[in-house]
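These notes are about the structure you will find just below.
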Amino acid sequence: MEQVHVEVPARGASYEIKVGSGLLDQAGSEVRAALGGKTQRVALITNKRVFDLFGAPVVRSLRRSGFEVCKWLMKEGERHKSIRSLEQALNFFNQVGLERNDVVIALGGGVVGDLAGFAAATYLRGIDFVQLPTTLLAQIDSSVGGKTGVNLAGGKNLVGSFHQPRLVLIDVDTLRTLPRRELTAGWCEAVKQGAVGDRKLFEETVRLLGSIDLSLWNGSVDFGLRKNRVTTRKGAQTEVYATHLTAIIAAHCHFKASIVAGDERESIDRDDRRSRRILNFGHTTAHALESVTGYRRFRHGEAVGYGILVAGALSKNLGMLSSGELELLRDAVAACGPLPRANDIDISRLMRAMKSDKKSVAGQIKWVLLEKIGSARIVDGNQIEPLALRASLREVLRARK
Ligand SMILES: NC(=O)c1ccc[n+]([C@@H]2O[C@H](COP(=O)([O-])OP(=O)(O)OC[C@H]3O[C@@H](n4cnc5c(N)ncnc54)[C@H](O)[C@@H]3O)[C@@H](O)[C@H]2O)c1
Ligand SMILES: [Zn+2]
C-alpha cells in the first residue's frame, strides 16, 4: 500500500490518501482509524452499478468496525449530478437521522464523489466525508483537492464548495471492471497532469501505458494487459501490474495534492506554474468540444485528450514548444486508447464556445500552454492570435480520423 499525506494549510487540516490492492475490504478499519470512536453512522452514497460490484464487501467491512450503515443509490450519469439529486441526498440524510458526528461515504466515480461531497459540505453546515473512488479519473483527480459540487442546466459545476475529505481510500482492483472508454478518459487526465507538472510523472505514466493496449480492451478483468513475455502466468502478471498501478496513482495523487496545498481555491490572480490553474491544461478546448456536441459524444477525459493536443500544437505554433516535445505528448495521448471522432466539428463554432468558458476572468480565457513536458505557462487569451488558434485546432482535429 502507498500513502500520501495531504496538507491543506489554509484550513489547518490534513488527511491521508491510501492506495493499494484489496483496500475496500478494509474500509471499516480505515474509516474508524481516520475518524475515531465517536462516529456511529455511515451514509453511503453510490449508484446501482457500483453497489452491485463493490457494495457488499464495503458494507460488511464497515459493519465489522461497528458502523451502522444506511445507503442511498443515486441515478447513474453526469446529468444526475444535479440540484435535484442533491435535494434527494439531503432528504435521505434527514430521514435516517444523520448527526454532526456521522460521516458520508462516496463509493463511485467523480459524479458520485462530487455530489456526495457537496451534500456532506452543506448538511448541518458540514459533516465528515470519505471518498472511495472507483474510476481512474476519480482516483487520480476528482477525489483529491476538495472541490465538490453539482451542475446547473446552464453549465457544469456551477454550484459547489470546497470540502476536504477526512480520508481517500483507493482500491486499484476496482479498475478491473471499468469500461474501456472510462480508462482512456482517466489516462488522458493522467497524461495532462504529468505534462504540466513533472517530467518524471509524465514518463512513468507513459511507461505504464506501454504495458497495456486499450484499443484491445474488452471489459475482461485483466486491466487490458498486453501479453507478457516474461511471465506466462496471468495471475502473476496482474499482480505486478497492480503494484505498478498503485505506484502511479499514488504519484498522481501526490502531485495533485502538492498543487492544491499551495492554492486550494484556484485563486484568479495567480498565474504561476504552481497555481491550481495549470491543472486546466487542455480544458479550454475540452469544455468547448463537450459543449458543441451536447455533452453526448465525449467522456470528459476524452475531450481533454484532444484538448491537450490542441494546447500542445498551439504552444508549438507560438514558438514555445519544440516539435520533439509535442511528439512525446502525441504519443502519450495515442497510448491512452482511441478517442471518438472529431473531424466533423465546426472550428468556428468551437472557437465561439471557447469564449463563453466559465473559467474565463473578465471575459478573458487564460490558456495553459507548455514550454516543455513538465513545465507549463499561463498565457492571456488576448495574446493569442485567432489564426494561430484556428490552425492548431485544425491540425489536431482534422488529423485524427
Ligand atoms: N472534484 C473535482 O476536482 C473533479 C475533477 C475532475 C472531474 N470531476 C468530475 O468528475 C465527474 C466525472 O467522473 P468519472 O469520470 O469518474 O465519471 P462517472 O462518475 O460518471 O463514472 C463513469 C461510469 O463508470 C461507472 N463506474 C464507476 N466505477 C466503476 C467500476 N469500478 N467498474 C465499472 N463501472 C464503474 C459509473 O457508474 C459511470 O457509469 C464529472 O462530473 C466531473 O465534473 C471533478
Ligand atoms: Zn478534467
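Bear in mind these aren't lab numbers, they're just calculated from the coordinates by the rules spelled out. Note that the structure is predicted; figures quoted are calculated from it, not measured. As a convention, Cβ positions derive from the backbone with ideal geometry for all residues, glycine included, and neighbour counts pool all protein chains shown.
Between Ala399 and Asn157, the modelled labels are 2.7 nm apart [label points 7 Å from Cα along Cα→Cβ]. Between Asp380 and Arg63, the FRET efficiency from the beta-carbon distance, with R0 = 60 Å, is close to 0.65.
For the chain, the longest stretch holding no GluC sites (Glu not before Pro) located in a DSSP loop with at most 16 other Cβ atoms within 10 Å is which?
100-401
Give a quick list of trypsin sites (Lys or Arg not before Pro) in region 93-149 that DSSP marks as loop, anything other than H, G, I, E or B, with at most 15 other Cβ atoms within 10 Å. Please list the in-between numbers first.
On the way: sites: Arg100, Arg125, Lys147; in loops: Arg100.
When the trypsin sites (Lys or Arg not before Pro) of region 93-149 are filtered for loop state and at most 15 Cβ neighbours within 10 Å, Arg100 remain.
For region 34-51, putting each phi into the Karplus relation 6.51 cos²θ - 1.76 cosθ + 1.60 with θ = phi - 60° gives couplings of 6, 9, x, x, 6, 6, 10, 10, 10, 9, 8, 10, 7, 10, 4, 4, 5, 5 Hz, in residue order, rounded to whole numbers and with x for Gly and Pro. Among Trp367, Trp72, which comes first, then next, by fewest other beta-carbon atoms within 10 Å? In increasing order of surrounding Cβ atoms, one gets Trp72, Trp367. As a rough footprinting exposure proxy, the listed residues Ile268, Ile127 were ranked by other beta carbons within 10 Å of their own, and the order from fewest upward is Ile268, Ile127. Would region 256-331 count as rounded, prolate or oblate if I go by the C-alpha gyration tensor, calling it rounded below 1.5 in a/c and otherwise prolate when a/b exceeds b/c, oblate otherwise? Note, shape of region 256-331 comes out oblate.
Candidates Ala119, Leu208, Asn151 compared by Cα position along the dipole of the chain: farthest toward the positive end lies Asn151, with charges placed on Cβ. Once the Cβ-Cβ distance of Ala388 and Asp344 is raised to the sixth power relative to R0 = 25 Å, the FRET efficiency obtained is 0.65. Under a 5 Å amide H cut-off, with hydrogens placed 1.01 Å from N, Glu266 pairs with Arg276 among residues at least 5 apart or on other chains. Over all pairs of different C-alpha atoms in region 2-178, the reciprocal of the mean inverse distance, the Kirkwood hydrodynamic radius, equals 15.8 Å. Taken over the C-alpha atoms, region 229-384 has Rg and Dmax values of 17.7, 58 angstrom. The Cα atoms of region 1-59 give a gyration tensor whose axes a ≥ b ≥ c have a/c of 1.5 or more with a/b greater than b/c, which makes the shape prolate. When the listed pairs Lys48/Lys256; Lys75/Lys256; Lys18/Lys372; Lys38/Lys256; Lys256/Lys372; Lys18/Lys75 are checked against a 23 Å cut-off, the alpha-carbon distance exceeds it for Lys48/Lys256; Lys75/Lys256; Lys18/Lys372; Lys38/Lys256; Lys18/Lys75.
Between Glu239 and Lys372, with labels modelled 7 Å along Cα→Cβ, what's the label distance in nm to one decimal, could you check? Here the answer is 4.0 nm between the modelled labels. GNM on the chain, alpha-carbon springs under 10 angstrom: the most fluctuating residue among Gly262, Gly307, Gly117 is Gly262. Between Arg207 and Asp272, what is the FRET efficiency for a Förster distance of 25 Å, r being their Cβ-Cβ separation, to the nearest 0.05? Calculated value: 0.30.
Neighbour counts of C-beta atoms inside 10 Å place Cys253, Cys188, Cys70 in the sequence Cys70, Cys253, Cys188, starting with the fewest. Once backbone amide H atoms are built at 1.01 Å from N, Asn157 has Asn151, Leu152 as its partners under 5 Å, excluding neighbours fewer than 5 places away on the same chain. Counted by Cβ distance under 9 Å from Leu137, the other residues give a net charge of -2, where Lys and Arg count +1 and Asp and Glu count -1. Only the Cβ atoms of Lys and Arg (+1) and of Asp and Glu (-1) were treated as charged; on that basis the dipole of the chain about its Cα centre amounts to roughly 740 debye.
Calculated [222 nm] ellipticity per residue, helices only, for the chain: -13500 deg cm²/dmol; basis is -39500 (n - 2.57) per DSSP H run with n ≥ 4, divided by all residues, nearest 500.
Would you please classify the overall shape of region 249-300 from the alpha carbon gyration tensor, given that a ≥ b ≥ c denote the square roots of the eigenvalues, rounded means a/c under 1.5, and beyond that prolate means a/b larger than b/c while oblate covers the rest?
Working: a/c = 3.31, a/b = 1.69, b/c = 1.96.
Verdict is oblate for region 249-300.
Per residue, the convex hull around the alpha carbon atoms of the chain comes to 130 Å³.
Given region 2-178, what percent of its DSSP beta bridges are antiparallel, to the nearest 5?
Given both bridge residues lie in region 2-178, the antiparallel proportion sits at roughly 30 percent.
Be a star and scan region 249-274 for residues whose amide nitrogen sits under 20 Å from the point 7 Å along the Cα-to-Cβ vector of Ala13. The answer is 253-268.
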